[in-house]
Every structure is written in C-alpha cells, then in structure tokens.
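A short worksheet on the structure shown next.
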C-alpha cells in the first residue's frame with residue numbers, strides 16, 4: 001500500500017504510475033530521474049494532467065511563449081514541422097455554423113491562416129484549442145490558406161500544416177487551388193459545406209482585412225499548477241518528511257482549489273505581478289524553461305521562468321531540521337534549464353548558473369545551444385523579410401496583417417546570487433497570495 005502525494009489517499013501499488021514532476025510539455029522527460037516518481041496514483045496522474053497541467057499549458061500567454069521556443073530552434077538543414085500559433089476566436093461567421101461552435105484562428109510559421117471550427121467549451125474557456133478530450137472525440141473541420149511567404153520554404157509550410165492538429169479528428173481542407181489531389185498530400189477532399197466555406201474565406205481573409213479576435217483568460221490558471229509543482233519538487237528533493245505540516249496542507253488546498261473556494265494561505269508571486277518584472281531576466285534563460293530551487297530561512301523556494309517572458313515564485317515547503325537532502329540534492333541552490341524543442345535539460349548549481357549569465361565562467365553546453373538559436377532565428381527572419389516570391393496558385397493568400405508574435409524580453413544587468421536570494425526573500429516577506 002502507498003499514499004499518493006497529491007490526493008493523499010492510500011491505495012494498492014498497482015494503482016500508481018510514473019509521474020513526471022516537471023510535466024513533459026515543459027521538457028520534463030529530460031530532467032534527472034530525481035524529479036520523476038511512482039508515488040502518484042493513476043487517477044491523479046490522468047486527471048491532474050487534464051485539469052491542472054493543461055490549464056497552465058493551454059493558457060494563451062504560456063502557450064504562446066512555449067510555441068516561440070520551438071521556432072527559435074528550427075534547423076533549416078533538418079526541417080521539421082513547427083507548431084501553429086493560436087490567435088483566439090475570430091469574428092468570422094462562415095456558412096453552416098451551428099450553435100455551440102466557434103471559429104478559432106491559427107497562424108502557420110510563414111503567415112498561413114488556419115481557421116478551425118470546433119466545439120466551444122464554457123467550462124475550459126481559456127484553453128487554446130479547447131477541451132483536449134472533446135476535440136479528440138468529436139470530428140471538426142479546419143481550413144488552410146497559404147500566404148505569400150509560403151513559397152519561400154514550401155517544405156516547412158507543408159510539414160507544419162500537414163502535422164497540424166495531430167491526434168485530433170480534424171478534417172483538413174485546403175482553400176488554395178493546388179496542382180495535386182489534396183488527399184495525396186495528407187489533406188481531405190472538400191464537400192459542399194466545405195466549398196461554401198472556402199468561397200467565404202477567400203472573400204474575407206485574402207485582402208488584408210482587419211480581424212477582431214478574442215482571447216479568454218482565467219486569472220487563476222496558474223494556481224493549481226504551481227501548487228502541484230511545489231508539492232512534487234519538495235517531495236522529490238527533500239523526501240516525505242516535508243509532506244505533513246500546516247504549510248503543505250495549504251499547498252494541498254491550492255492543488256484542489258475550486259473557483260468559489262477561499263484562496264489558500266501560500267506565499268508566492270504570479271507572472272502578472274508588476275513587482276515581479278525584473279525576475280524575468282534575472283532568473284530565466286532565453287528560449288528555455290528554467291526552474292530554480294534553493295533553501296532560505298523562510299523555507300524552500302521555487303522559481304519558474306519561461307523564456308525570460310514570464311516568471312513565478314512560490315514557497316515549496318518548510319524545511320525540516322537537519323535534512324541531509326538539502327546538502328545532497330540542493331546545496332546552495334539547483335537550476336534545471338529545459339530546452340524542450342531539442343530535448344535537453346542542463347542541470348547546474350545556482351552559482352554556476354549565475355556565473356554563466358554574468359560571463360564569469362561560461363558553460364560549454366549552454367554556449368552551444370545559444371549558437372543553435374541564432375541560426376534558427378536568422379533563418380525565420382530571412383523568410384519573413386519583405387523580399388517576397390509570389391505564389392503561382394490561382395488564389396494568392398496573403399496574411400490579414402503581420403501576425404508574428406513579438407515577445408517583450410527585458411534585459412537587466414543584475415545577476416548576482418546575493419541579489420537573487422534577496423529578491424526571493426523580499427517576495428516571500430510580502431506574503432502576496434495567488
């Protein structure tokens with residue numbers, strides 16, 4: 001018999017499965033085995049993945065930042081599909097729409113437009129792409145329109161559109177005229193409904209018309225995820241002794257929080273907190289997800305940073321007296337730098353991470369990765385330059401506007417370890433709650 005660290009229920013060992021404490025959408029498959037456990041029951045593993053991990057991953061801002069990481073690592077010498085960018089619900093009203101459906105706009109790597117008609121989900125309204133279970137079980141339709149820039153790298157365009165909506169029952173229709181049968185290249189043959197919609201989209205989406213899109217945000221999209229991450233990291237690094245105290249009880253309340261529940265008494269700062277802005281640069285790494293964990297006199301602190309664009313701080317646990325795991329697993333602090341697009345995780349001590357960022361002692365692996373990013377970014381910028389080749393298809397599709405997502409990445413010259421610890425302590429002292 002074992003007790004699940006999340007639901008705290010005692011169950012048969014056969015009811016447990018491998019849990020990636022750092023979820024795989026952040027690159028958790030590559031973290032050290034120390035951050036993987038079989039102390040999570042199958043029910044929590046499945047349900048928390050959908051309602052906690054996905055709530056965070058599919059939130060518009062997080063989804064956008066993670067998508068940009070994939071673009072940064074694109075290698076033109078080894079072309080692969082790039083993920084589509086989600087631009088929310090559109091104001092388009094194509095023919096044959098039924099009640100309960102919405103029109104969602106996605107943009108391909110070279111400005112291609114993809115209009116996905118899918119079921120609306122009032123419960124999980126902030127999920128980019130909707131409820132994962134619903135869109136996997138119900139058949140939907142998506143309409144693809146190439147851009148002027150598509151001709152600059154047709155292979156990239158085809159790969160990305162062909163692989164779009166993988167694992168979902170999506171009928172994929174090309175709106176452009178092409179020289180080969182659609183079903184020969186991974187798309188579907190249009191029917192009468194599709195033909196009516198193609199005519200509509202060619203009229204409404206090919207002359208740089210202005211679109212008014214809507215994005216839905218849920219203010220507590222990160223609460224349960226940060227609590228789950230804090231519980232898992234604390235257990236993995238410090239052992240089961242940290243799971244039974246008043247503060248861990250509050251984290252558990254946060255993990256199972258419902259919208260009308262009172263906020264739990266936990267210490268932390270969300271990504272939307274204005275006082276948290278300088279931590280974006282200080283604690284992150286460009287085009288990476290960074291997790292820093294270290295002990296303070298206030299307890300064990302975790303900092304989560306995505307691409308120096310969003311930053312969260314949370315107190316993980318009270319630290320038991322004479323806990324040897326602090327010295328063995330954490331020391332002065334440990335940093336996990338995750339590059340999901342290239343399936344890499346680099347683990348450094350906190351001093352080593354600061355020394356690399358300050359240029360005092362460069363880490364060879366991180367320097368190599370920086371060079372990879374430069375190559376990918378330069379290639380994408382070149383494709384999107386104004387020197388365009390025109391499509392030869394009958395219907396030339398132009399993007400309705402410049403839809404390349406530009407992320408604000410502040411740069412601050414403050415990377416000293418002492419300042420880092422001071423900043424964390426100041427945030428914890430302020431007792432800001434999620």
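No value in this document is a laboratory result; all are computed from the given coordinates. No experiment lies behind these values; they were computed from the predicted model shown. Here Cβ is always computed from backbone atoms with ideal geometry, including for glycine, and neighbour counts include all displayed protein chains.
Estimated at 0.36 nm per residue, the fully extended path between residue 192 and residue 43 surpasses their Cα-Cα distance by 49.3 nm.
Listed peptides 360-367, 140-147 appear in the order 140-147, 360-367 once ranked by packing, highest mean of other Cβ atoms within 10 Å at the front.
Here the alpha carbons of the stretch 78-204 define both size measures, Rg and Dmax, at 14.1, 43 Å. Normalised by the number of residues in the chain, the average gap of Cα pairs under 8 Å and 6 or more apart makes the relative contact order 19 percent. Sorted on the mean count of surrounding Cβ atoms within 10 Å across their residues, most packed first, peptides 82-89, 182-189, 26-33 read 82-89, 26-33, 182-189.
Using C-alpha pairs under 8 Å with a sequence gap of at least 6, the mean separation divided by the residue count of the stretch 59-176 gives a relative contact order of 26 percent. Quick one: Cα centre-to-centre distance for the stretch 282-299 and the stretch 63-98, in angstrom? Comparing the Cα centres of the stretch 282-299 and the stretch 63-98, I get a distance of 29 Å.
Across q = 0.12, 0.21 Å⁻¹, the stretch 15-165 modelled as identical point scatterers on its alpha-carbon atoms has Debye log10 I(q)/I(0) values of -0.62, -1.34, in the order of the q list. Computed extension gain for residue 12 through residue 375, at 0.36 nm per residue and net of the alpha carbon distance, reaches 125.6 nm.
Note: relative contact order over the stretch 1-106, using C-alpha pairs below 8 Å and six or more positions apart, is 17 percent. From zero up to wherever the largest Cα-Cα distance of the stretch 1-99 sits, split into 10 Å bins and tell me the percent of pairs in each. Answer for the stretch 1-99: a P(r) of 13, 30, 27, 19, 10, 1 percent.
Beta-bridge orientation, the chain: approximately 90 percent antiparallel, per DSSP, counting only bridges with both partners inside. Residues within the reach of a label modelled at residue 137 (point 7 angstrom out along Cα to beta-carbon, backbone nitrogen below 17 Å), restricted to the stretch 15-54, are 46-51. For the stretch 146-266, the fraction of C-alpha pairs more than 24 angstrom apart is 57%. Residue ranges 301-314, 51-64 sort as 301-314, 51-64 when ordered by packing (mean number of other C-beta atoms within 10 Å per residue, highest first).
Distance from a point 7 Å along Cα→Cβ of residue 272 to each backbone N in the stretch 209-230: keep the residues under 14 Å and list them by number. Those under the cut-off are 215-224. A helix-only calculation puts the chain at -8500 deg cm²/dmol for mean residue ellipticity at 222 nm, using -39500 (n - 2.57) for each DSSP H run of at least four residues, averaged over all residues. Multiplying the residue separation of residue 358 and residue 120 by 0.36 nm and subtracting their alpha-carbon distance yields 81.0 nm.
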